[in-house]
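Everything below concerns the one structure shown next.
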Amino acid sequence: MLDRRQFITSIGLSTLASQATTAKTGNGIEISGTAGAEVVQGGCLLNLQRAYQVMDEENLDALIVTRPINFYHFTGYYDHMAVRMDSPSSFAILSRDEKRPSSVVMNQFIYYYSVADSNFKWDSTLNLFTGWGDKIATAESRDQTEAHREVLAPFVFSSKNALLDRDFEKARTNALNMALDGNPPSGNANSALIRAMEHLGLTDSRIGVDDPVIDRIIKSANLKSTAIDGDYALRRIRMVKSQQEIELMKIAATTNAEAALAAASALRSGATLNELRATFFAQCALRGNMPLFLQVDTIMSEVFNMEFKEGSAFAIDAVSQGFHYTGDYGRTVFIGEPTKSMKRATDAIAIGWDAVRENLKPGIRYSEIKAIGRRAIRSAGYDIAVAVTPHSVGLCHTDEPGRDGTGAYWQKDDLVLEENMIISVDMPVLHTGIGGSAHLEDLTLITKDGSEQINSIGDRVIIV
């Protein structure tokens, strides 16, 4: 039996078989890597037909995005420069006209230094920018506010000896040359974005945007286009997944559940909440996921700590991301045999979840899901309140529009399930005074005529 000191280092436990893994660590833990990378390299991840449908319904001629989550959805590239600087860095454009190509605007050096390594299969027109020089250009500039200014030449690392250049260094230069062939760089992001809009015929259009800086750029160029807050439309699009997204969600959900199960299974009396959280984070990292949070015993505080003892009974809610897609997994953990009141609580939520699972299919409303779960629990004779809260999961833990257009969790719509949605139904017990806390949560893909679980659901409770 593991003692408290062994708990924090017990990350070599055997785990559930992964659905999409390609390598193993020295501890035998499988890492999800190549399968997901190949999906992302395909470029645009969003469900294009869904996007065109939503733009049509929201009367948008195009979407222009810059936030890292949305830029990634449109391109497969996570804009690390925007994350580092907490400021817009790159832009992606999708026109409602399917015959017009999408467009990407980004810094030339970042494309050369970061993007080219990924070998994305982009169908987008690439518009790069470098910077403005100090000299006066002899040719008239397209942008009258910056007329006559010289555009700087692209910057690349100079080679001391071309024979010693490595393959990826050569590939970077080749990719940049191909991107600039027939499409010279602009002087800055503003001019590159306007140039891309003009090329797509979006100078007198209604455009959904995800950052006010885009509206300011459009106004600075005196275009007739109107910028509309696009968050509601973007969340509607993200809610129905493409096949690429479904594959990434399966990887993320499986890996997240494995990491949570491994961390909880290693737990022993005397270990602390901080150690449990750290072990989950380590298990995620070993498998290729990025941990987001682990809620333990209804506690989300990052500074609260406590020690687990024999007889402890508590809920865990584990969330991590693989290739920026979210796994969400909830269970009840018992250290030793459960008490009668806690056993009754976990039995109740299992009954509610089974009833919900049997009814998940396109056309069912969120409100119906809640009613089905609670009715099943009452009908089985349990006087136990359970949340039964459905929510869409994807690039965000709660990835769906809200009725006020903000996407706010507490103001979300009574949504109707559609094919290729991926949802969680949170099943926490809403009581104190039962000797602990209880939860049950899995991720479900809505299929054409039913549903499919995308993480293992065999362990309803974890007894250690």
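Using only alpha carbons, build the gyration tensor for segment 80-135 and give me the equivalent ellipsoid semi-axes, biggest first, whole Å. Please list the in-between numbers first.
Values: eigenvalues 95, 44, 33 Å².
In descending order the semi-axes read 22, 15, 13 Å.
Any idea what diffusion coefficient segment 221-327 gets from Stokes-Einstein, in µm²/s, Kirkwood Rh on alpha carbon pairs, 25 °C, 0.890 mPa s?
Translational diffusion coefficient: 153 µm²/s.
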Karplus 3J(HN,Hα) series, Hz, for segment 108-123 with 6.51 cos²θ - 1.76 cosθ + 1.60 (x for Gly, Pro):
4, 5, 5, 4, 5, 7, 10, 6, 4, 5, 7, 6, 5, 9, 8, 8
Could the peptides 209-217, 59-67, 255-263 be put in order, highest first, of the mean number of other beta-carbon atoms found within 10 Å of their residues?
255-263, 59-67, 209-217
Express the relative contact order of segment 42-239 as a whole percentage, based on alpha carbon pairs under 8 Å and six or more residues apart in sequence.
24 percent
In Å, the Kirkwood hydrodynamic radius of the chain over pairs of distinct alpha carbons?
24.3 Å
Debye intensity ratio in log₁₀ form over the Cα atoms of segment 42-239, taken at each q of 0.10, 0.11, 0.12 Å⁻¹:
-0.42, -0.51, -0.61
ASN47 long-range amide H proximity, modeled H, under 5 Å:
SER242
Axial C-alpha extent at least 30 Å, average Kyte-Doolittle at least -1.0 - helices from the chain (DSSP)
243-265
Estimated vicinal HN-Hα couplings, Hz - segment 296-306 in sequence order (Karplus 6.51, -1.76, 1.60; Gly, Pro = x)
10, 6, 6, 9, 10, 4, 7, 10, 6, 9, 7
For the chain, what is the relative contact order in percent, using Cα pairs closer than 8 Å and at least 6 residues apart in sequence?
15 percent
Could you sort the peptides 187-198, 77-88 by per-residue average Cβ neighbour count (10 Å cutoff), highest mean leading?
187-198, 77-88
Under a point spin-label approximation (7 Å from Cα along Cα-to-Cβ), what is the VAL156-TYR52 distance to one decimal in nm?
3.7 nm
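Based on the Cβ-Cβ distance of ALA380 and ASP414, what FRET efficiency does E = 1/(1 + (r/R0)^6) give at R0 = 25 Å, to the nearest 0.05? Please list the in-between numbers first.
Numbers: r = 26 Å, r/R0 = 1.03.
The computed FRET efficiency comes out at 0.45.
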Working out 0.36 nm times the residue gap between ASP97 and MET290, then minus their Cα-Cα distance, what length gain in nm do you get to one decimal?
65.9 nm
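Would you mind putting 229-242, 150-163, 357-370 in packing order, based on average other-beta-carbon counts within 10 Å, highest first?
Those peptides, ordered most packed to least, come out 229-242, 357-370, 150-163.
Could you tell me how many cubic angstrom of Cα convex hull volume segment 263-325 has per residue?
79 Å³
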If contacts are Cα pairs under 8 angstrom and at least 6 residues apart, what is the relative contact order of segment 202-267 in percent?
29 percent
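Throughout, read-outs are computed from the coordinates displayed, never taken from laboratory work. Model, not experiment: these values are computed from the prediction. Cβ coordinates were reconstructed from backbone atoms using ideal geometry, including for glycine residues, and neighbour counts include every protein chain displayed.
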